[in-house]
Amino acid sequence: MPKSRKSKPISFKKPRDPERIRRMRLALAHTAGAMLLAGILGLGVAADRRYVEWKVIVPTEPPRVVLKNRPVWMSDFLAEEIARTARPNGTHSAFDHQLLVDTVALLKANPWIADVRQVRRAYGQKPGDILEVDCDYRAPVALVHWKDYYWLVDGNGYKLPEAFGEQFLTRIMIGQDHKMNIRVIEGVRTPPPESGAHWAGDDLKAGVELVKLLYGKPYAEEIPKVDVSNYAGRHDPKAAQLVLVTRYNTQVRWGRPIGAGDDFFVEVTPEQKLAYMQAIYDELHRIDANCAWVDLRFDTITRPSLATPQTAQAKVPQ
């Protein structure tokens, strides 16, 4: 008996759903339309921006630089110099981001600027015609004598660009209120670096710290100079390391640098020395006690006119 063959099932192709096809075509058409519209809008925005940049707000000159938060000590001349060095050359679009990047680089290269916080475009008479600059500045606190010149340094010992001859010292050191505005540091051993660089030397650092301590003290108005030539006792280990030179060319022998240590068996504290100075000035109306020198280092004030040291009747500021 012959074997029966299994018959293969016959497959029928399902008819395509016209409604589904219609929906797919509609979705594709919407997608293509959206893409086309986005492209057209992109081109339109670019064209509008270009039109606004060069037709509506055509820059006719470089943006003006304005210093925000300008410190009170900064002269008009210095402010104008900083603005001039930061002002870009030529005209720039109000949307030019590279201009901001380049301005930041120029400011960071300026020795008067310690840090750049922000540079932004602002509206003056036209959009973007002002560059607002917000920086931290290096405030001069002392003039450091090196050879024939006196160089400005800030409170951290960074050398500033300005230098003066001796004939200009009085004009620089005394403010419009006739009070001591800035003091001279004499006797440093390290030559000055490039402007904007840190001036090395522990003697300079000690002088700057003492200058900052004396600033604004009424009884120190007669002290224009700090002499650091014997720092670390390099000339005489028994003599005062730091000496204050008065306007009478006399000495107030200060001694060790501020923060030299807490060994008060060697010298009294800086606070006690300030109290000594206050007491001398209150009593004799001259910071040098009308003597060639006065020594503040120990538990008594010493001066050459006395056979024995004078015990200071001064209270230490709390």
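The values are calculated or read from the model by the stated rules, or taken from the named source; none is laboratory data. The shown structure was predicted, so the numbers you read here are calculated from the model rather than taken from an experiment. Note that each Cβ is placed from the backbone with ideal geometry, even for glycine, and that neighbours are counted across all protein chains shown.
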Note on the stretch 108-130: residues at pLDDT below 85, buried (at least 18 other Cβ atoms within 10 Å of the Cβ) and not basic (K, R) are G128, D129
Looking only at the stretch 262-271, decide whether some residue is under 24 Å from I182 (Cβ atoms), touching an Asp or Glu at 6+ places or on another chain (Cβ under 9 Å) and either touching a residue at least 40 places away in the same chain (Cβ under 8 Å) or of a type in the set (K, R) (or both).
no
Regarding V228, is this residue of a type in the set (V, I, T), within 24 Å of E186 (Cβ to Cβ), within 33 Å of the chain's Cα centre (by Cα) and modelled with pLDDT of 95 or more?
yes
